[in-house]
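Take a look at the structure below.
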Amino acid sequence: MANHLPVDRLRRGLCTRCRINDISVYNVRKYLSNVGFLYVAVSSGFNIPMKLTCRDCSLAELCLPRALSPDDMEQFETMVDQRPAMARGNFLYQTGDVFGGLYAVKSGSFKTTISASDGEDQVTGFYLPGELFGFDGFDDHYSCSAVALEHSSVCELPLSSIDQLVVKLPNLRRELDRLMAREITTDQSMLLQLSRRTAEQRLAAFLVSLSLRFRQRGFSGTELRLSMSRYDIANYLGLTAETVSRLFKRLKEHHLALVNGRTVIIQDFEALHRQVHGSGGR
């Protein structure tokens, strides 16, 4: 007898057309993640082959295809590779690897790290579904390592494809330029946080940013399931894990947020947002 896969797991990463809400159980017969085909047998007994294309993906408005016309999209899709799913803790690439291409998160999440002079890894970023990363490799080799924070998958835009597409598709070049500029702005903002903001402001800014990114993806902006550990959050913010734990307790005392394991429930978003700018909580 074939195994059954819960609806909520099957929906993650699937295109909008595949989200059939009135079917309670999906019987997955075969999943070929490396070529992007999913064979689904529903309770009625039909086998439905589905190709997960950029045009059908529910993340298209957050990803590179947002800048492309339908005709351009057709060319773009032929160049995109859908990589096999990865287990938590696996490396997508490591520091020093030859630049192979850019990656868009299809499901799950990733962190990027760089080795500091003392040998410790420094977390440089977290990436959610629809977000593009790998820009650190444009100088021939990746300067960071990318690690899956949970069971995750990516779409790859190989270097050879990038070279061809930016010539054929001017809109794609402009979108890549925009995303690279955003990476630089994010890095500058992080430097400002580390040099000017208090520990409370850093954590508040992190939670506000995550909340907004979750909302963009159709998730709850008030109940955040964090894929990153408390240690990773502390490392990213230039704090200790003990400090982060203490700050979470303070947020609870001020009725700004509740923390239960890796779930954060934001109770007062506006007050949390004010705290980012030093205006205090309630």
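The values are calculated or read from the model by the stated rules, or taken from the named source; none is laboratory data. The shown structure was predicted, so the numbers you read here are calculated from the model rather than taken from an experiment. No Cβ is skipped: glycine too gets one built from the backbone with ideal geometry, and neighbour counts run over all protein chains shown.
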message: Could you list, ordered by first residue, the pairs with Cβ atoms under 9 Å in which the first is in region 60-81 and closer than 15 Å to Lys168 by Cα and assigned by TED's automatic domain parsing to the domain that holds Leu128 and the second is surrounded by fewer than 17 Cβ atoms within 10 Å (Cβ to Cβ) and of a type in the set (Gly, Ala, Ser), at least 6 apart or interchain?
response: Met79/Ser160
- request: Could you pull out the residue among Leu210, Leu256 that is within 15 Å of Phe126 (Cα to Cα), buried (at least 18 other Cβ atoms within 10 Å of the Cβ) and outside the structural domain of Gly89 (by TED's automatic domain parsing)?
  value: Leu210
- prompt: Within region 83-105, can you find the residues that are in contact with a Ser or Thr (Cβ under 8 Å, 6 or more places away or on another chain) and within 21 Å of Ser160 (Cα to Cα)?
  reply: Arg83, Pro84, Tyr93, Gln94, Thr95, Gly101, Val105
- prompt: Of the residues that make up region 183-204, is at least one out of contact with any Lys or Arg (no Cβ under 6 Å at 6 or more places or on another chain), over 30 Å from Glu270 (Cβ atoms) and in a helix (DSSP H, G or I)?
  reply: no
Qualifying positions in region 94-135 - among the small types (Gly, Ala, Ser) and surrounded by fewer than 17 Cβ atoms within 10 Å (Cβ to Cβ): Gly96, Gly100, Ser115, Ala116, Ser117, Gly119
- prompt: Residues of region 205-221 being of a type in the set (Ser, Thr, Tyr) and over 14 Å from Ile265 (Cβ atoms), which ones?
  reply: Ser209
- request: Considering each of Leu172, Leu207 in turn, give the residue that is assigned to a helix (DSSP H, G or I), hydrophobic (A, V, I, L, M, F, W, C) and touching a strand residue (DSSP E or B) at 6+ places or on another chain (Cβ under 8 Å).
  value: Leu207
message: Given the condition in contact (Cβ under 8 Å) with a residue 24 or more places away in the chain and touching a Phe, Trp or Tyr at 6+ places or on another chain (Cβ under 6 Å), answer yes or no: does some residue in region 254-272 qualify?
response: no
Region 198-207 - residue that is in contact (Cβ under 8 Å) with a residue 60 or more places away in the chain and not small (Gly, Ala, Ser) and, of those, surrounded by the fewest Cβ atoms within 10 Å (Cβ to Cβ): Thr198
message: Among the residues of region 162-172, are any of a type in the set (S, T, N, Q), within 29 Å of Leu212 (Cβ to Cβ) and out of contact with any Lys or Arg (no Cβ under 9 Å at 6 or more places or on another chain)?
response: yes
task: Return only the number of the condition from (1) touching a residue at least 12 places away in the same chain (Cβ under 8 Å); (2) of a type outside the set (S, T, N, Q); (3) assigned to a loop (DSSP other than H, G, I, E, B) that Arg250 does not satisfy.
output: (3)
The lone exception for Glu242 - which of (1) surrounded by 13 or more Cβ atoms within 10 Å (Cβ to Cβ); (2) out of contact with any helix residue (DSSP H, G or I) (no Cβ under 6 Å at 6 or more places or on another chain); (3) part of a helix (DSSP H, G or I) it fails: (1)
- request: Of all residues in region 96-130, count the ones that are over 15 Å from His141 (Cβ atoms) and either among the polar types (S, T, N, Q) or touching a Pro at 6+ places or on another chain (Cβ under 6 Å) (or both).
  value: 7
